[in-house]
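We did not get these values from a lab; they are worked out from the coordinates using the rules stated. Worth saying up front: this structure is predicted, and the values here are computed from it rather than measured. Here the Cβ positions follow ideal geometry from the backbone for every residue, glycine too, while neighbour counts run over all protein chains shown.
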Amino acid sequence: MTKSGNEADIMVVDDTPEIRGFLTNILRKQGYRVRAFDGGRCALAAAAEQPPDLILLDVCMPDMDGYETCERVKASPWLAAIPIIFISALDQTWDKMRAFQCGAIDYVTKPLQYEEVRARVDTHLQLRQLQQRLERRNERLSEVVAVRTRQLSEAHERLAILDKAKSDFLDLISHELRTPLTGLLGVGELLLGRSASTPDYERLENLYQQSRLRLLRIVDDALLLARIDVRAGKLIPQPVPLASVLGLAAEEAGSFAQARNVALEVAPDSPGWVTGERELLVKALRALMETAVRFSKPGESVQVSCHTGPSEVRCLIGASGRGIPADLVPKFFGVFSVNEAITPGGDLGLAPPVAERIISLFGGSVAVESLDPPGIRLTVTLKSATAATATPEAVCVGP
């Protein structure tokens, strides 16, 4: 390590006693510690035992010239960083070029000037100190980076374990919830089947069927939301034909719309391919269509149309009849707003947040706005894709 001020150790290598004496005297007056040698070999041996902070090196010496001495210093991993200043009577350009090629940082020609030698020594020692500070800072930074990298790796491993545990837990819960629900719902149907058909019975059966469907839908949607959060990074998006997705979604939402005397009209020109996963996109668009139906009055219709842009496809799902209270618009896609009575018929369940999560998985977005006259418009933005990049299969996170 280079010392500061008068702690610096300088090695003078010159076969001329007068030069050695001159350099030794002026450097010691500056407070430096000086070791003087008359040849390259003895200087190398001394440097190997105790590396100096700087070397002043003559070119012409009998046993080993300065060029060879410099090359040997620079070839040693232990000594290579030591700055070397050549001192020589040779003042030709090629002499200086050879010195720099050997690894020298400076070249001073004889006869030596006191002020010049002192200034150059001081400057290069200061530069060396700055370089060493930077090296130490980089070493500390590397250590910090290594520690953080190890910590991140360990955290990643823990998260992977937790991810698998959560996934396994969801699989277990999915099975365990459906098993008792199947029993409860089956018993309920048996009991209702043994009752006499009366107006009270019909009202009770209708309530039972509505509760049954709502319970099953919430369980399925809740599990799907959890699976999306756990496995989002494992999805493999692929190009999907939008017309096919919209057709399947409308077909599945058709019975829901028909039961409420609402027409579901999908524009026939659903263009292009979008990025996603077929089953999940169908589920998302079906949920949004059924949501629009809930805001439609009997006898009205839900209109679905698509528009293609340079990099995205925008689908509009419009309903007329009922709007959304202004204070509930920001909560429309919130998981924890499931109990908000947004429509006259009650809450929307988990359909909007499920749809929003699915669409966002594939780089898309969903927005809702309340219209005047009363109604709503859902805007679904999907990333465009090409059929040529389709892959044979994708990972599904559905229950």
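Annotations for the structure displayed:
- Length released on extending from T386 to L130, taking residue separation times 0.36 nm less the Cα-Cα span: 86.5 nm
- Residues V34, V380, V13, ranked from the fewest to the most other C-beta atoms within 10 Å, line up as V34, V380, V13.
- Residue order for M97, M289, fewest other beta carbons within 10 angstrom first, comes to M97, M289.
- Those GluC sites (Glu not before Pro) in the stretch 1-99 that DSSP places in a loop and that have at most 16 other beta carbons within 10 Å: none
- Taking each residue as 0.36 nm, the span from E265 to Y114 lengthens on full extension beyond its C-alpha to C-alpha distance by 44.7 nm.
- Peptides ranked, highest mean first, by Cβ atoms within 10 Å: ranges 106-112, 317-323: 317-323, 106-112
- For the stretch 311-319, 3J(HN,Hα) per residue [Karplus equation, 6.51 cos²θ - 1.76 cosθ + 1.60, θ = phi - 60°, Hz, x = Gly/Pro]: 10, 8, 10, 10, 10, 10, 10, x, 9
- Gyration tensor verdict on the stretch 1-99 (Cα atoms; rounded if a/c is under 1.5, prolate if a/b is larger than b/c, oblate otherwise): oblate
- Cα gyration tensor shape of the stretch 234-389, rounded if a/c is under 1.5, else prolate or oblate by comparing a/b with b/c: prolate
- For L141, L361, L281, L90, the sequence from fewest to most other C-beta atoms within 10 Å is L141, L90, L361, L281.
- Centre-to-centre separation between the Cα atoms of the stretch 247-272 and those of the stretch 16-78: 91 Å.
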